[in-house]
Amino acid sequence: MKYKEKIFIEKSFAFVDPSYFSVFNFPLVQGNQKLPFPDNNSIVITASTAQRYFGNEDPIGKTVTIGVDELCVVSGVIAEYPENSSLQLQVLLPLSRFNEQAYVKNKTTYDNKTYLSSMDMDWSSFSFETYLLLTPQANLTALTKKLQQIHERNKPEDTPVPYVAQPLSKVHLYHMDGSDGGIGAVHIFMGVALMIIAIASINYINLSTARSLNRAKEVGIRKIIGAGKRELFFQFIIELHCCFFLQ
């Protein structure tokens with residue numbers, strides 16, 4: 001991408017549907033949340049990207065060049081993504097722009113005979129990630145079966161083509177089929193952490209036992225001056241927690 005004489009290499013970009021900004025909780029700090037892409041030449045960038053390109057200038061309405069000579073106008077600025085988000089896109093372009101370039105203008109084909117005039121007609125491309133916002137009561141089995149029926153109705157030669165729905169909360173640690181995608185490593189580290197805590201606790205108990213004889217005089221003196229079981233109990237509990245957190 002280019003702005004005036006500045007040239008940037010952007011790798012974290014994607015074509016997205018306008019609903020991207022309503023399905024996900026990624027607010028626009030500038031621009032229209034309900035109409036993020038006024039036309040196919042619109043572009044939404046993150047706040048840090050806007051800073052790199054335009055400094056302290058207002059990015060809205062600025063024109064940037066994509067590729068050789070494709071001009072786009074900044075229509076929105078999105079807040080920075082949380083560090084733990086799997087989505088870290090710096091530049092967002094309207095999906096309708098991809099449809100226009102790949103299908104309307106260039107007529108995508110897979111056999112050099114049939115040319116597709118719209119991405120809605122393309123049942124052979126699986127390069128898109130689709131996120132669905134469902135109600136808590138939604139039946140995932142019924143949903144995936146319905147999606148499969150729609151696919152097979154439009155492209156019977158793919159039958160059977162099972163669809164799989166995966167909760168977003170499991171994307172990081174599980175594969176689409178539910179197999180281990182990292183959760184095993186988490187369990188291993190949890191086990192190691194529990195072992196370390198257990199060893200530390202045993203060591204503390206051993207040290208406390210060894211010191212008990214030395215503290216017997218202290219306890220005796222405290223009892224003589226009026227300390228009861230309750231005061232002694234809370235004293236040792238407070239000492240225990242202090243030692244635990246300091247370690």
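The values are calculated or read from the model by the stated rules, or taken from the named source; none is laboratory data. Since we're looking at a predicted model, the values are computed, not measured. Cβ placement follows ideal geometry from the backbone for every residue including glycine, while neighbour counts extend to all protein chains displayed. Heavy atoms of the whole protein, side chains included, go into the accessibility calculation; ligands, DNA and RNA do not. Shrake-Rupley method; radii C 1.70, N 1.55, O 1.52, S 1.80 Å.
Between Glu231, Glu157, Glu80, the Gaussian network model of the chain with springs among Cα atoms under 10 angstrom shows the greatest mean-square fluctuation at Glu231. Averaging 1/r across all pairs of distinct Cα atoms in region 65-164 and inverting the result yields a Kirkwood radius of 17.1 Å.
Between helix 229-246 and the chain there is an angle of about 40 degrees, using the helix long axis and the longest principal axis of the Cα atoms. Computed with every protein chain present, the accessible area of Lys146 is close to 110 Å² [probe 1.4 Å].
Over the chain, what is the relative contact order in percent, taking alpha-carbon pairs closer than 8 angstrom and at least six residues apart?
On the way: 225 pairs, mean separation 35.0, N = 247.
Once divided by the residue count of the chain, the mean separation gives 14 percent.
Evaluated with a Cβ-only charge set (Lys, Arg +1; Asp, Glu -1), the chain carries a dipole of roughly 1240 debye about its Cα centre, given to the nearest 20.
Accessible area of region 1-72 with a 1.4 Å probe: how many percent of it is carbon plus sulfur?
54 percent
Take the Cα of Lys105, go 7 Å toward its beta carbon, and the backbone nitrogen atoms of region 65-84 under 16 Å from that spot belong to 65-73. Ignoring lysines fewer than eight residues from Lys4 along the same chain, the ones with Cα atoms less than 21 angstrom from its Cα are Lys62. Report, in degrees rounded to the nearest 10, the 0 to 90 angle that the Cα long axis of helix 183-224 makes with the longest principal axis of the chain. Approximately 20 degrees, to the nearest ten. Expressed per residue, the C-alpha convex hull volume of region 1-105 stands at 106 Å³. Each residue was assigned an accessible area with a 1.4 Å probe, and for Tyr131 the value is about 80 Å².
Taking all protein chains together and rolling a 1.4 Å probe, Phe234 ends up with roughly 100 Å² accessible. What shape does region 178-234 have by the C-alpha gyration tensor, where a ≥ b ≥ c are the square roots of the eigenvalues, rounded means a/c under 1.5, and otherwise prolate means a/b greater than b/c and oblate the rest? Prolate, because a/c is 1.5 or more and a/b exceeds b/c. Once C-alpha pairs closer than 8 Å and six or more residues apart are averaged by separation and normalised to the residue number of region 116-169, the relative contact order reads 30 percent. Look at the Cα gyration tensor of region 132-200: its axes a ≥ b ≥ c give a/c of at least 1.5 with a/b over b/c, and that counts as prolate. Each part reduced to its alpha carbon centroid, region 1-47 and region 114-191 end up 25 Å apart. When the inverse distances between all different Cα atoms of the chain are averaged and flipped, the Kirkwood radius reads 24.2 angstrom. Annotation: extensible slack from Leu133 through Ala193 equals 18.0 nm (criterion: 0.36 nm per residue apart, minus Cα-Cα distance).
In the distance distribution for region 104-247, Cα-Cα pairs more than 22 Å apart total 68 percent. Reported value for region 16-55: 78 Å³ per residue, from the convex hull of its C-alpha atoms. Which of rounded, prolate, oblate describes region 97-147, given a ≥ b ≥ c as roots of the alpha-carbon gyration tensor eigenvalues and a/c under 1.5 marking rounded, otherwise prolate only if a/b is larger than b/c? Prolate is the answer for region 97-147, as a/c is 1.5 or above and a/b outweighs b/c. Summed over the residues of region 1-100 and divided among them, the accessible surface reaches 55 Å² per residue at a probe radius of 1.4 Å.
For a straight C-alpha distance cut-off of 25 angstrom, the lysines reachable from Lys105 (same-chain residues fewer than eight places away being disregarded) are Lys2, Lys11, Lys113, Lys155.
Taken over region 31-90, the ratio of Cα radius of gyration to 2.2 N^0.38 Å equals 1.14. For region 128-203, averaging the sequence separation of C-alpha pairs within contact (under 8 Å, six or more residues apart) and dividing by the residue count gives a relative contact order of 16 percent.
Taking the Cβ of Leu89 as the center, what net charge do the other residues with Cβ under 12 Å away carry, scoring Lys and Arg +1 and Asp and Glu -1? Provide the component values of the computation, followed by the final result.
Working: positive: Lys11; negative: Glu10, Glu80, Glu129.
Here the charged neighbours net out to -2.
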